[in-house]
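Below are the structure tokens for one structure; questions will follow.
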Amino acid sequence: MNQADLPRWATAFALPLLNLFSALLVAAGVIYLLGESPVESLGILINAAVLNPEGLGYTLFYAATFIFTGLSVSVAMQAGLFNIGSEGQMYVGGLGLTLVLLWLDSSLPGWLLIPLAMLGAAVFGAAWAYLPGYLQARRGSHVVVTTIMFNFIAASLMNYVIVSFLIPAGQQNTASRVFADASWLPKLNGILPVLGETPLNISFVLALVALVIYGVVVWRTTWGYQLRATGLNQHAAHYAGISISKTIIVTMMISGALAGLAAVNSVMGSTHYLNLNFPAGAGFIGIAIALMGRQHPVGILLSSILFGALIQGGFDLSLEKANIPPETFIFIQGLIILFCGAMENLYAPALSALLKRKEK
Amino acid sequence: MMFDDFQFSSILVSTIRNAPVLMFAAMAGLFAERSGVVDLALEGKMLAAAFVSAAVAFVTKNPWLGIMAGVGISVAIALLQGFVSITQKGNQLVAGIALNIALSGLTFVIAQYFFQQGGRTPDLGEARLFDIVLPGSAAVAGIPFLGWFYTKLIGGHSALVYLAFALIPVVHWVLYHTRFGLRLRAVGENPHAADAAGINVERTRFMAMLCAGVLCSFSGAYLSIVQSGFFLRDMSAGNGYLALTALVFGNWRPLHTALGCLMFGFFAALQVQIEGVVFPGIGKVPGSLIQMIPYVVTVIVLAGLMAKSVAPKAIGQPFVKSR
């Protein structure tokens, strides 16, 4: 018995929700064992992440990054590619925009500078994803293993570049210099003052636009059709005249560009300088978001907000409850990936049996 | 530091000491992957075993009890991984990554809860695993080369180092000369054929996960109760993935995989030694660039430029019995 027996609403909503609840139930068990009340903790979390306007601002700020990494993983999954390298691609994308800004931020106005920097991020991210794509398409090396390698190579490379070239003379902090004001992304609290002093900026709006473009391209264009055909059955797609290796390479580059764009929110929208390890696992969270959102724009949006809320609410909760450090939410993220990504069909047989009984 | 300070002998000794972490994990991965289950969760199992070993060793003041407890937790996780990837037929890559992320968080939270030291365990002190001094070490210690060779390179390591090296021929023998090894390889290459021949595919894969769990726990224990003497957050630091790389590098064969582990151990030792050394004509070589070498080499191998890496055919595919 599998998903095919179930109606669309069940696979799209009921199963992910059941899996999500299972993950949260296990998390609640751990919080209980740590000597805290799960119900009270959940209350604090929801209040800090959603109900409080400033908290909501932070939640959406994190979500903007996750939408881009989620889209990065999703677009590759559409072609049947499992891109674990979004983390490294985002990291290198951060370098791309930093180089543009360090070079031009004193001479160009913001309206020209910001798009150029974003282009830099996308190009560097795409370039970093090109080689794993090429190796999969032309040499048959599995993209999962090569992207893991490329994450490590990116980490070493960025460490080298930042420490050797980007730290301003006389500084100790492993980071580049602060960019000029012209490159700082406009904040959304200018339009919505209720959001308070949060780093939420226009890249959230860009993320929403990216979601729409993704939806249209994947389901409404010829290229999107080729992409999905490649993902569903490479041999059939090949016989239909689709160039598999070209689709794989182009898809990986788009995936890398999207991961690179994820750097825009945190680097140009918040810190305003490039620092060591700034992606902080956002690329891996992208995997969770793509799986939970079933590679659908609405699903990606909702799961990005959920993960943003977990990080923001989790941070506040850790301040109030000494036994629940922020790392608890790394554990919960892992549980959600496990239940929603790997055990997605856990409840399918039970749900299917339940529905059959109702029909009779 | 000048070029003269660059000591090749100490690089070799560190290579021997670095390799076991990778060897145990890579051999664990070898069992899982030869049976057709991708083991991306090596990292998580290592972390969990490192924490539990250190915590139990600290509380009981006995490293052996610590190691046994580490085996228990690592096997439990391997069986959970088996349940997800074998019984539930879930995505094995996703299961592995999920377990790594979950255990990275959980080990910190529990360590913090019990010891309140920023997510690490207290120093193990006496409960660390001691180094074995070979008989007659004192007599040969003064002899040039032989003294170093016998007391530092071959002798003076903990029992786990010897276990790691002893494991290489044992795994080779199990894989190629036993009935279990034959079935394991058959299940990883063509589960349907194996099934038709009367081999229980699911049970064989669970047995493989069991072996993976036991072996992987040693690499965690080695990290915490041999190398550092305490558990630290995320102390596996990518070694699980590196072990997997050694496995790919070694073409899923025990002897070649062990060589891959030694190579990575060598580069890690080189990186530590080379930091700050001024080479004549080259100058300083940054450690982060040395760190990159094993990964770049692996990508070159993967690209088939040096040798072709051939994975077990059924790797990553859940087995669905055909009716």
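B:N251 versus B:A139, label points 7 Å from Cα toward the beta carbon: distance in nm?
4.4 nm
Compute a Gaussian network model of chain A, connecting alpha carbons closer than 10 Å, and tell me which residue from A:I300, A:I244, A:I191 fluctuates the most.
Highest fluctuation of the listed residues: A:I191.
Quickly rank A:341-348, A:43-50, B:31-38 as a protection proxy: mean count of other C-beta atoms within 10 Å, highest first.
Numbers: A:341-348: 21.4, A:43-50: 18.4, B:31-38: 29.1.
Output ranking for A:341-348, A:43-50, B:31-38: B:31-38, A:341-348, A:43-50.
Could you check the simple spin-label distance between B:A159 and A:I213, using points 7 Å along Cα→Cβ, in nm with one decimal?
6.1 nm
Counting each pair of different Cα atoms once, what's the Kirkwood radius of the range B:58-203 in Å, rounded to one decimal?
On the way: mean 1/r = 0.0506 Å⁻¹.
Value: 19.8 Å, from the Cα pair sum.
Given the Cα-Cα distance of A:Y239 and A:L33 and 0.36 nm per residue of separation, how much length would full extension add, in nm? Numbers along the way, then the final one.
Values: separation 206, 0.36 × 206 = 74.16 nm, distance 5.65 nm.
Between A:Y239 and A:L33, full extension yields an extra 68.5 nm.
Given a 1.4 Å probe, how much area per residue of the protein assembly as shown is accessible, in Å²?
Working: 28490 Å² over 683 residues.
Accessible surface, normalised per residue, equals 42 Å².
So, in nm, how far is label B:D123 from label A:S106 when the simple model puts each one 7 Å beyond its Cα toward the Cβ?
5.0 nm
A further question on this structure: For the Cα atoms of chain B, what angle does the longest principal axis make with the long axis of helix B:8-34, in degrees from 0 to 90, nearest 10?
10 degrees
Which aspartates and glutamates have a Cα lying under 17 Å from the Cα of B:K321, excluding residues fewer than 8 positions away in the same chain?
Partners found: B:E189, B:D195, B:E202.
Going through the cross-link list A:K187/A:K246; A:K246/B:K313; A:K356/B:K89; A:K358/B:K89, which pairs have a Cα-Cα distance over 29 Å in this structure?
Values: A:K187/A:K246 39 Å; A:K246/B:K313 25 Å; A:K356/B:K89 23 Å; A:K358/B:K89 27 Å.
With Cα atoms farther than 29 Å apart: A:K187/A:K246.
Can you put A:H272, B:H177 in order of accessible area, largest first, using a 1.4 Å probe?
Details: A:H272 20, B:H177 120 Å².
The most accessible residue leads, giving B:H177, A:H272.
For chain A, what is the mean residue ellipticity at 222 nm derived from helices alone (per DSSP H run of n ≥ 4: -39500 (n - 2.57); sum divided by total residues; nearest 500 deg cm²/dmol)? Could the numbers behind the result be given before it?
Numbers: 14 runs with 234 residues, N = 360.
Calculated from helices alone, the mean residue ellipticity at 222 nm is -21500 deg cm²/dmol.
Also, I was wondering about something else. What FRET efficiency do you get for B:K61 and A:A353 if R0 is 60 Å and r is their Cβ-Cβ distance, rounded to the nearest 0.05?
On the way: r = 53 Å, r/R0 = 0.88.
Here the calculated transfer efficiency is 0.70.
Quick check: from the Cα gyration tensor, does chain A come out rounded (a/c under 1.5), prolate or oblate?
Numbers: a/c = 1.79, a/b = 1.14, b/c = 1.58.
Oblate shape, in that a/c is at least 1.5 and b/c is the bigger or equal ratio.
Can you tell me how chain B classifies by the Cα gyration tensor, rounded, prolate or oblate, using a/c under 1.5 as the rounded cut? Please report the intermediate quantities before stating the final value.
Numbers: a/c = 1.71, a/b = 1.39, b/c = 1.23.
It is prolate, given that a/c is not under 1.5 and a/b is the larger ratio.
Quantify how much of the Cα-Cα distance distribution of the range B:164-323 extends past 26 Å, in percent. Can you show the working numbers first?
Working: 5345 of 12720 pairs.
So the pairs more than 26 Å apart make up 42 percent of the total in the range B:164-323.
Using Cα pairs under 8 angstrom and six or more residues apart, how large is the relative contact order of chain A, in percent?
Working: 604 pairs, mean separation 126.5, N = 360.
Averaging sequence separation for qualifying contacts and normalising by length gives 35 percent for chain A.
First measure r as the distance between the Cβ atoms of B:A197 and B:T87, then evaluate 1/(1 + (r/R0)^6) with R0 = 25 Å and state the FRET efficiency to the nearest 0.05. Present the calculation step by step, with values, prior to reporting the outcome.
Values: r = 22 Å, r/R0 = 0.87.
Rounded to the nearest 0.05, the efficiency is 0.70.
If you don't mind, there's one more thing I want to ask. Can you compute the equivalent ellipsoid semi-axes for the range B:180-236, i.e. the square root of 5 times each eigenvalue of the Cα gyration tensor, sorted largest first and rounded to whole Å? Don't skip to the end; give the middle numbers.
Numbers: eigenvalues 253, 15, 12 Å².
The three semi-axes for the range B:180-236 are 36, 9, 8 Å.
Counting other Cβ atoms within 10 Å, keep those with at most 15, restrict to DSSP loop, and tell me which chymotrypsin sites (Phe, Trp or Tyr not before Pro) in the range B:45-133 are left. Spell out each step's value before the answer.
Numbers: sites: B:F51, B:F58, B:W64, B:F83, B:F108, B:Y113, B:F114, B:F115, B:F130; in loops: B:F130.
Passing sites in the range B:45-133 are B:F130.
Pulled fully out, how much extra length does the chain show between B:V278 and B:L80, if you take 0.36 nm times their separation in residues and subtract their Cα-Cα distance? List each step's numbers first, then the result.
On the way: separation 198, 0.36 × 198 = 71.28 nm, distance 4.96 nm.
Length difference between fully extended and current span is 66.3 nm.
Another question about this same structure. Direction-averaged shadow area of the convex hull around the Cα atoms of the protein assembly as shown, nm²? Walk me through the intermediate numbers first.
Details: hull surface 137.5 nm².
Dividing the Cα hull surface by four gives the mean projection, 34.4 nm².
Here is a further query. Kindly identify the range A:147-273 as rounded, prolate or oblate by the Cα gyration tensor criterion: order the square roots of the eigenvalues as a ≥ b ≥ c, call it rounded if a/c is under 1.5, otherwise compare a/b with b/c, prolate if a/b is larger, else oblate. Provide the component values of the computation, followed by the final result.
Working: a/c = 4.09, a/b = 1.53, b/c = 2.68.
Because a/c hits 1.5 or more and a/b fails to exceed b/c, the range A:147-273 counts as oblate.
Return a whole-number percent for the relative contact order of chain B, with Cα pairs under 8 Å and 6 or more residues apart as the contact set.
On the way: 602 pairs, mean separation 112.5, N = 323.
The normalised contact order for chain B reaches 35 percent.
Quick one: Debye curve from the C-alpha atoms of the range A:14-165, no solvent, what's log10 I(q)/I(0) at q = 0.12, 0.13 Å⁻¹?
-0.78, -0.87
Okay, moving on. To the nearest 0.05, what FRET efficiency results for B:L146 and A:S164 with a Förster distance of 56 Å applied to their C-beta separation? Could the numbers behind the result be given before it?
Details: r = 42 Å, r/R0 = 0.76.
Plugging the Cβ-Cβ distance into 1/(1 + (r/R0)^6) gives 0.85.
Given the options A:N83, A:N323, A:N189, which has the most mean-square fluctuation in a GNM of chain A, springs set between C-alpha atoms less than 10 angstrom apart?
Greatest mean-square fluctuation among the candidates belongs to A:N323.
Can you order the peptides A:67-78, B:218-229 by their average number of other Cβ atoms within 10 Å per residue, highest first?
Details: A:67-78: 29.7, B:218-229: 27.2.
Going from most to least packed, we get A:67-78, B:218-229.
The values are calculated or read from the model by the stated rules, or taken from the named source; none is laboratory data. Because the structure is predicted, anything quoted here is derived from the model rather than measured. Methodologically, a virtual Cβ is constructed for each residue, glycine included, from the backbone with ideal geometry; neighbour enumeration extends over all protein chains shown. Calculation scope for accessible area: heavy atoms of the full protein, side chains included, ligands and nucleic acids excluded. Shrake-Rupley method; radii C 1.70, N 1.55, O 1.52, S 1.80 Å.
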